[in-house]
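Asks: Questions regarding the structure given below will be posed in turn.
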Amino acid sequence: MPSPLAGFVLAALLAQAPAAADPALASAEARVAGGDLAGALGDYRRLLAEGRGRRALVLYRLADLERRTGDHAAAATHAVEAADLLRADGDLANASEALNVAGMAETNLGRFEAAIVRFERAMALSREAGDWARHAEQVSNLGTVYFPLGRYDAAAAAFARARALAETHIGEAWAPNRRTIALANEAALLQRLGRYADALARYHEMESGGAPLPPAQQAQVLVNQGALFRRLGDPYKALDAYAAARAGFAAARDAAGEASVLTNRGIALAIDLGRPDDAAASFGDALAVAEAAGVRREALLARLYRGEALLRANRPAEAGPDFEAARTLAAALDTREEEWKALFGLGRVATAAGDAPGARAAFDRAITIIDALRERLAVPATRAEFFQDKREVYDARIAAGLGVDTAAATFSLIEQSRARAWRDRRALGAVSLAAVQATLPAGTVLLAYWTSADRAAVVRVTATDARVVPLAIDRALVGALDAALRQPASEGWTAAADALGRALVPSGLLQDATHLVVVPDGALGAVPFDTLRVDGALLLDRVATSVLPTAALVALTPPATDRGWRAPWARQLAAFGDPLPGADSWHSASGAPRLAASAAEVRAVAAALGGAHELFLGAGNQKQALARALAAPPPVLHLATHAVADLAAGEQSRLLFSPATADGPVESLFLREVYALPLTGVDLAVLSACETERGPDVRGEGVQGFSRGLLAAGARRAVTTLWRVPDAPTARFMERFYQGVQAGLPLDDALARAKRALRDDAAFTHPHYWAAFVLTGPADPLPRALRWRDVTGVALITAGVALALLAWRRRRRATTAP
């Protein structure tokens, strides 16, 4: 559980204040230096009561000590009074620092809105004074307040601004330290959002060029790094970091920090090492420290995670009071992130107690908060990452409603739990079951799947009916089928396909269906449904299948309106193929040969389709040529090339193009670039390349393959592949597919017929050759363009008929002449 670094009070106020002649003041300063904070507090309070010394200075030093020793309410009051006196004296810089102390005290009290006011006032004064050291500190502190409120965009902006200020003044003594703190805060925020690689990069940047931090702040960095080590799978290294952090906080006499590290230690013990009893003890220690120091937020976290540990130790009755106390405190502090976690805990406690209605109510409240938090995020990437660790709440709610909720309610929850970031890119809102049913033609069945760690179900939807069917899925079969289909000689696929068919499509689910729309969940996105055997027959022989990332796509995407024939000179196709190897020899290094058949494939595609076409082959198959071709997007975009699927970092998946120069390296179009392509107007995008439908399975979003990028960029539908297929059978497949497209077939029918045709060839019977191709998106027919040979043929036929008619009329006149 990462946390940003709270600011430390700059030493400038003490240094700039006049030296104290009063022995009592000198005694107090000596006590602070010697670590006798309680004695120093007594000295400062006597000075204040007796009116001795500079009042503003006494108030400030008293407030700082009160904050450090846990009397945050008194600290806030005294710091504000000190700020008012300093401002009246015209000392804007030190007035801003007193307000900074007040803001930190309010933060520790959980009075976050008040803290925001204090920090903003402090920033205004330091800006007016031109004191950029203090200003950078206060901007960063403001970000730390936004953090627990779930205002992550605002926190990110504050941390970035603090870093920019430090880098602008990097030659000044204060700047390196402030830059290090800004980097640490950015790392903590990136961790909260699930961007672990980026967080690790920030920590490396800190260590390679950062300035040393004060002990308490260095301890907080160690806490955050410990949380990152846990995420990266090294809990023992995390425990070492926590031990060092606790020592740092103890040396700094930072009770809030010590409570925080004890909480994080407990999380590692419970989740990573499976020691829930030890974890509960660590959380209990954290709670005692936090309550003694009056740090309410740390007390909240300790209760929240002790409840989690007790629940994992199968002690739900003991966990309930902790979750309830955490919920109450989170509501009082308005920390919505912790509130939904407490509600999630209460829902699971209710489930364990057999209180199903109570569990559903708690989960519903948690989901409402999660969605509200997400809607606050304005940055799309942040919204995508925010949702990844929240999916289990939706899973718990769906599971609690199986057999109780209506099909419409279950369908809505499933849709709410998936592809949210992708839907944002397409501006697709929520969709109801009724809206989906209104778009489904007769004979079409939509199967919306849901899988969790231990449960699964499917909602079967037709135009007139909907029902929820619980499923029992052996997930090992998904991997077994995938592995078998990658080998053209393997016969092991049949057993896995038969078993998965029974599990995923139980008997009767496809009754009266001719078209199937699959909305997969998680690993099911890698299943080639056409290979499944259902009711004794391959799915390929029963229905034409298409796939959707979310049912919202079929309900909220308008159908193509141009269904008439386009002129033979109208541009219909831009196609790329036969990429050349570059100076980096990617083709030999990766074992991928030159795609000798891809040039013929592209020419066959052009011959099958009507209209005008642009072909980019060999040296012309360049990335910059694609940019030119998309200046006016064609209805059909076809790329026959090599692709690389990165299953660890989906944004690194890429398509390969010929080098821009004869001696240059191969060029890559990365998946992250595909999302930015101008594809609005492209009705069909086909990637005749290896594994373009593979990628990491992002929880709550699905498999991140190229079809997601193409459709998000504006294409109506896409054809991609699940595994490597040799280029010769791929070329034959694509020719048959486009013949069906030009014949006006729905695209799922055209795809199914091309698969059957290839399967019926004795050389390509194995599904390795035909089952990899997937249609994602609506399946309605493609608007067609006339071919010149068709026009010529019609013209010749028309001319022949006209000549025959003319000849007949002449003969008739000749026979009737007198």
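Asks: Is there a residue being of a type in the set (Gly, Ala, Ser), open to solvent by 30 Å² or more (accessible area, probe 1.4 Å) and over 20 Å from residue 220 (Cα atoms) anywhere in the stretch 329-348?
Replies: Quick first cut of the stretch 329-348, residues of a type in the set (Gly, Ala, Ser) only: 330-332, 342, 345, 347.
With the extra rule that they be open to solvent by 30 Å² or more (accessible area, probe 1.4 Å), the set shrinks to 331-332.
This time we only want the ones that are over 20 Å from residue 220 (Cα atoms), so: 331-332.
Checked against the condition, which is being of a type in the set (Gly, Ala, Ser), open to solvent by 30 Å² or more (accessible area, probe 1.4 Å) and over 20 Å from residue 220 (Cα atoms), the stretch 329-348 yields at least one hit.
Asks: Right, residue 494: of a type in the set (Val, Ile, Thr), within 23 Å of residue 757 (Cβ to Cβ) and open to solvent by less than 10 Å² (accessible area, probe 1.4 Å) or not?
Replies: no
Asks: Out of 141, 108, 100, which single residue is under 28 Å from residue 250 (Cα atoms) and open to solvent by 30 Å² or more (accessible area, probe 1.4 Å)?
Replies: On the way: 141 fails: open to solvent by 30 Å² or more (accessible area, probe 1.4 Å); 100 fails: open to solvent by 30 Å² or more (accessible area, probe 1.4 Å).
Residue meeting the stated conditions: 108.
Asks: Kindly indicate the residue of the stretch 708-735 that is touching a Leu at 6+ places or on another chain (Cβ under 8 Å) and part of a helix (DSSP H, G or I) and also nearest to residue 746 (Cα to Cα) among those meeting that condition.
Replies: Step by step, filter the stretch 708-735, then rank; the result is 733.
Asks: When the stretch 713-759 is examined, which residues are found to be among the small types (Gly, Ala, Ser), under 20 Å from residue 596 (Cα atoms) and open to solvent by less than 20 Å² (accessible area, probe 1.4 Å)? Talk me through it step by step, then tell me what you get.
Replies: Keep residues of the stretch 713-759 that are among the small types (Gly, Ala, Ser), which gives 713-715, 718, 728, 731, 740, 743-744, 750, 752, 754, 757.
Then drop every residue that is not under 20 Å from residue 596 (Cα atoms), which leaves 728, 731.
Selection gives 731 alone.
Asks: Now, a different point. Looking only at the stretch 62-72, filter to residues that are within 19 Å of residue 289 (Cβ to Cβ) and either modelled with pLDDT of 90 or more or not acidic (Asp, Glu) (or both); which one of those is surrounded by the most Cβ atoms within 10 Å (Cβ to Cβ)?
Replies: Restricting attention to the stretch 62-72, the residues satisfying the condition of being within 19 Å of residue 289 (Cβ to Cβ) are 65-72.
Subset that is either modelled with pLDDT of 90 or more or not acidic (Asp, Glu) (or both): 65, 67-70, 72.
Working: 65: 23, 67: 24, 68: 24, 69: 18, 70: 19, 72: 26.
This residue is 72.
Asks: Could I ask something else about it? From 38, 49, 11, which residue is at pLDDT below 80 and either aromatic (Phe, Trp, Tyr) or open to solvent by 10 Å² or more (accessible area, probe 1.4 Å) (or both)?
Replies: Numbers: 38 fails: at pLDDT below 80; 49 fails: at pLDDT below 80.
On inspection, the qualifying residue turns out to be 11.
Asks: Looking only at the stretch 73-92, count every residue that is open to solvent by 20 Å² or more (accessible area, probe 1.4 Å) and either touching a His at 6+ places or on another chain (Cβ under 9 Å) or hydrophobic (A, V, I, L, M, F, W, C) (or both) and tell me the total. First the steps, then the outcome.
Replies: Kept after step one, since they are open to solvent by 20 Å² or more (accessible area, probe 1.4 Å), are these residues of the stretch 73-92: 73-74, 77-78, 80-81, 84-85, 87-92.
Filter once more, keeping what is either touching a His at 6+ places or on another chain (Cβ under 9 Å) or hydrophobic (A, V, I, L, M, F, W, C) (or both): 73-74, 80, 85, 88, 92.
Here the count works out to 6.
Asks: Would you call residue 125 part of a loop (DSSP other than H, G, I, E, B) and buried (at least 19 other Cβ atoms within 10 Å of the Cβ)? Walk me through it before giving the result.
Replies: Details: part of a loop (DSSP other than H, G, I, E, B): no; buried (at least 19 other Cβ atoms within 10 Å of the Cβ): yes.
For residue 125, the condition - part of a loop (DSSP other than H, G, I, E, B) and buried (at least 19 other Cβ atoms within 10 Å of the Cβ) - is not met.
Asks: For the stretch 247-261, check the following and say yes or no: at least one residue is in contact with a Lys or Arg (Cβ under 7 Å, 6 or more places away or on another chain) and open to solvent by less than 30 Å² (accessible area, probe 1.4 Å).
Replies: Here is the first cut: in the stretch 247-261, the ones in contact with a Lys or Arg (Cβ under 7 Å, 6 or more places away or on another chain) are 253, 258, 261.
Next, from what is left, pick out any that are open to solvent by less than 30 Å² (accessible area, probe 1.4 Å): 261.
Checked the stretch 247-261: at least one residue is in contact with a Lys or Arg (Cβ under 7 Å, 6 or more places away or on another chain) and open to solvent by less than 30 Å² (accessible area, probe 1.4 Å).
Asks: Condition (residue is over 20 Å from residue 605 (Cβ atoms), among the acidic types (Asp, Glu) and open to solvent by less than 30 Å² (accessible area, probe 1.4 Å)) applied to the stretch 695-704: is it met by at least one residue? Outline the logic, then answer.
Replies: Filtering the stretch 695-704 for residues over 20 Å from residue 605 (Cβ atoms) gives 695-704.
Still in the list and also among the acidic types (Asp, Glu): 697, 701.
Filter once more, so that each one left must be open to solvent by less than 30 Å² (accessible area, probe 1.4 Å): 701.
Among the residues of the stretch 695-704, at least one is over 20 Å from residue 605 (Cβ atoms), among the acidic types (Asp, Glu) and open to solvent by less than 30 Å² (accessible area, probe 1.4 Å), which makes the answer yes.
Asks: Then there's this: In this structure, does residue 178 turn out to be more than 30 Å from residue 391 (Cβ to Cβ), of a type in the set (Lys, Arg) and either surrounded by 19 or more Cβ atoms within 10 Å (Cβ to Cβ) or touching a residue at least 24 places away in the same chain (Cβ under 8 Å) (or both)?
Replies: Values: more than 30 Å from residue 391 (Cβ to Cβ): yes; of a type in the set (Lys, Arg): yes; either surrounded by 19 or more Cβ atoms within 10 Å (Cβ to Cβ) or touching a residue at least 24 places away in the same chain (Cβ under 8 Å) (or both): yes.
When the stated conditions are applied, residue 178 passes them.
Asks: Only one of 479, 429 is within 21 Å of residue 778 (Cβ to Cβ), open to solvent by 20 Å² or more (accessible area, probe 1.4 Å) and at pLDDT below 95; which?
Replies: Working: 479 fails: within 21 Å of residue 778 (Cβ to Cβ).
The conditions single out 429.
Asks: I'd like to check something: does the stretch 288-310 contain any residue that is over 21 Å from residue 110 (Cα atoms), hydrophobic (A, V, I, L, M, F, W, C) and part of a helix (DSSP H, G or I)?
Replies: Yes - at least one qualifying residue is present in the stretch 288-310.
Asks: What do you reckon, is residue 631 assigned to a loop (DSSP other than H, G, I, E, B) and closer than 28 Å to residue 414 by Cβ?
Replies: On the way: assigned to a loop (DSSP other than H, G, I, E, B): yes; closer than 28 Å to residue 414 by Cβ: no.
For residue 631, the condition - assigned to a loop (DSSP other than H, G, I, E, B) and closer than 28 Å to residue 414 by Cβ - is not met.
Asks: Follow-up question, since we're still on this one. Would you pick out the residues in the stretch 651-677 that are open to solvent by 10 Å² or more (accessible area, probe 1.4 Å) and part of a helix (DSSP H, G or I)?
Replies: 651, 652, 672, 673, listed by residue number.
Asks: For the stretch 228-243, enumerate the residues that are within 16 Å of residue 282 (Cα to Cα) and among the hydrophobic types (A, V, I, L, M, F, W, C).
Replies: 238, 239, 241, 243
The values are calculated or read from the model by the stated rules, or taken from the named source; none is laboratory data. Note that the structure is predicted; figures quoted are calculated from it, not measured. Cβ coordinates were reconstructed from backbone atoms using ideal geometry, including for glycine residues, and neighbour counts include every protein chain displayed. When the accessible area is computed, the model is the full protein with side chains, heavy atoms only, and any ligands, DNA or RNA have been set aside. Shrake-Rupley method; radii C 1.70, N 1.55, O 1.52, S 1.80 Å.
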